[in-house]
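Report on the structure given below.
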Amino acid sequence: MATKTDYAVPPGSFLREWLDDNNKTQQELGDAAGLSRKHINELLSGSATLSPEVAAKLSLVTGYSIKFWLNAEAVFRADAARLALEEQLAPHASELPPMVTTFLRKQGFIKGTLREPGRLVWEVLAFFEVGSWKALESRFAAPAAAFRQQLAHDVSWPAVATWLRIGEIESRRQSREFPRYDAQKLTGIAPELPSLSRLAPDDYRKQLGEKLAAAGVELLYVPEIPGCRAHGATRWVDGRPRIQLSLRGRNDSQFWFSLMHEIHHVLNDSHDDLLLQGPAESKEDPREIAADAFARTCIISQRDAARLGSLKSPADAQKFARELGIAPGLVVGRLQHDGHWTYQQGNQLYRDIVAVDQYVPPTPSP
């Protein structure tokens, strides 16, 4: 990929070098090429477009190929167009959320800074694959419109949009093949999934991906972006459900609750909806209430939950978890959530879910 410059070099610059190197005048070049001196002046200044016919004539005179001259013209026009757009975009650089641009720069998706405001905005537009500031604003606003009042007021919607966009990039990078979505198969395997929590996190994450893929469900892990505050999201892409988890909280109880919550959305909610699981979803939204209830019941049934109040120690929680065939951290999470234990009790039984520290940015186009 060619390095971007902050200037555009017209083909006339190469032509001027040729004149100097060969001790030729503009008139001599014009006479040899069958071009007027005015045309030569316009080529030298970049004000005239170098046509294929002129490229052929220059090739005969200079010895440089037609392709060389046409490529020089194409690069010049492309650079000029890019620089003109960067100049238009530059005033918007101050409107970009710093937490988003800092994150994207740290992860290698962009390189621009406020020292080059036009280029910074250009790179963010390219990251989102949009061609205007207005289109970028629409991408930033889309999650807020979809989620309405489901999340806490301090959520950064541009951060949410960025998190979802990275999910799109990761999905494209992985290029996995999936069978047609099978709701019956997903319904059948869902109750069995929490039993995998007894395995090491790396092992059960791999097995989860395989089991869900067999039902036509894509599972992505996209670590949280500052300001996003999302635990998970469910969306449908080309007729296939995609569950995206952020590993927010980074313990196994939250991981499994988030996963089962999203599975409920896949099984029961509209394919047109974009649903986000955050730290303070609206308790008036029946979809979220139902998803929470499904997640709790899949992990610990209502019948077994009636025994939670009798658990007084970590040893009790471990014994109970063995009986249910799940990891102790899932029991602790339920005990704390239901108020049987404080949020300081039993934390040693959680297992950390370690997120990847670096994304793999897409290869930029030339």
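The values are calculated or read from the model by the stated rules, or taken from the named source; none is laboratory data. Fair warning: this is a prediction, and the values are worked out from it, not measured in the lab. Every residue, glycine as well, gets a Cβ built from its backbone with ideal geometry; the counts of neighbours run over all protein chains shown.
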Report summary line: How many residues of the stretch 103-126 are assigned to a helix (DSSP H, G or I), in contact (Cβ under 8 Å) with a residue 12 or more places away in the chain and farther than 16 Å from Arg82 by Cβ? The answer is 2
Query raised in the report: Looking only at the stretch 225-258, which residues are of a type in the set (Ser, Thr, Tyr) and outside any strand (DSSP E or B)?
Result: Ser246, Ser253, Ser258
Report task. Scan the stretch 1-45 for residues that are in a loop (DSSP other than H, G, I, E, B) and either among the aromatic types (Phe, Trp, Tyr) or within 15 Å of Leu70 (Cβ to Cβ) (or both) and report the count. Result -> 3
Query raised in the report: Of these, Ala142, Ala55, Ala48, Ala126, which one is outside the structural domain of Leu29 (by TED's automatic domain parsing) and in contact with a helix residue (DSSP H, G or I) (Cβ under 9 Å, 6 or more places away or on another chain)?
Result: Ala142
Requested in this report: Within the stretch 180-195, identify whether any single residue is closer than 23 Å to Ile326 by Cα, touching a residue at least 12 places away in the same chain (Cβ under 8 Å) and among the polar types (S, T, N, Q), and answer yes or no.
Outcome: yes
**Report entry** Identity of the residue in the stretch 127-142, in a helix (DSSP H, G or I) and more than 13 Å from the chain's Cα centre (by Cα), that ends up farthest from His92 (Cα to Cα)
**Finding:** Ala142
Report task. Answer yes or no as to whether Gly329 is touching a Lys or Arg at 6+ places or on another chain (Cβ under 9 Å), exposed (fewer than 13 other Cβ atoms within 10 Å of the Cβ), of a type outside the set (A, V, I, L, M) and under 18 Å from Arg351 (Cβ atoms). Result -> no
Query raised in the report: Do you know which of the residues in the stretch 1-60 that are closer than 30 Å to Glu123 by Cβ and charged (D, E, K, R) is surrounded by the most Cβ atoms within 10 Å (Cβ to Cβ)?
Result: Lys4
Report summary line: Within the stretch 258-298, the residues that are at pLDDT below 85, under 22 Å from the mean Cα position of the chain (by Cα) and of a type in the set (Asp, Glu) are Asp272, Asp273
Query raised in the report: Residue check: is Ser253 at negative phi and touching a residue at least 24 places away in the same chain (Cβ under 8 Å)?
Result: yes
Query - Answer residue from the stretch 164-219, given it is assigned to a helix (DSSP H, G or I) and of a type in the set (Lys, Arg) and is farthest from the chain's Cα centre (by Cα) among those - result: Arg198
Report task. Go through the stretch 291-329 and give me each residue that's in contact with a Pro (Cβ under 7 Å, 6 or more places away or on another chain) and in a helix (DSSP H, G or I). Result -> Cys298, Ile299, Ala317, Gln318, Ala321
